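The values are calculated or read from the model by the stated rules, or taken from the named source; none is laboratory data. Predicted model only: the values in this text are computed from it and were never measured. All Cβ positions, glycine included, derive from the backbone under ideal geometry; neighbour counts span all protein chains shown.
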Amino acid sequence: MDSSKDSVYIQLMATDGESDSLHAPVPYSPPPETQRLIDELYREEIIEARQMPPEEKILAGQRLFEAACRMTLAGIRNQFPEASEERCLEIFRQRLELQRRLEERE
């Protein structure tokens, strides 16, 4: 992985709440030893995925989707703490529909 291409941008925010004191995003790359560890873990995941039988890949995909749904719902609950579970699910469905429409336009 080329860390110069894969750098992440971090938005620095003012602690005083003043929007005019926001800073421009600054590039961030982890320290070299951390990047090596990230790269090694990624390689291991790729090797494991390539060795996985097709039926396990399908199950892994389903588990990933379900985990993403749980995380999205948790984010919705955090964003709208007063919302009922029914309302959170409605917002979730709206987001899925929006994503579907965006993918259709591509």
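Table for the structure above
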| quantity | calculated |
| --- | --- |
| Pair list, Cβ under 6 Å, 6 or more apart: region 34-53 residue in a helix (DSSP H, G or I), other residue at pLDDT below 95 and surrounded by 10 or more Cβ atoms within 10 Å (Cβ to Cβ) | Gln35/Ser3; Asp39/Met1 |
| Pair list, Cβ < 7 Å and 6+ apart or interchain, from region 67-78 residues that are of a type outside the set (A, V, I, L, M, F, W, C) to residues that are surrounded by 15 or more Cβ atoms within 10 Å (Cβ to Cβ) | Thr72/Phe92; Arg77/Cys88 |
| Qualifying residue in region 72-84 (condition: loosely packed, with under 10 Cβ neighbours inside 10 Å, of a type in the set (Gly, Ala, Ser) and either at pLDDT 95 or above or under 16 Å from the mean Cα position of the chain (by Cα) (or both)) | yes |
| Residue satisfying all of: in region 61-84; in contact with a Cys (Cβ under 8 Å, 6 or more places away or on another chain) and assigned to a helix (DSSP H, G or I); farthest from Arg95 (Cα to Cα) among these | Arg77 |
| Test: residue in region 25-32 that is surrounded by 11 or more Cβ atoms within 10 Å (Cβ to Cβ) and either under 17 Å from the mean Cα position of the chain (by Cα) or modelled with pLDDT of 95 or more (or both) | no |
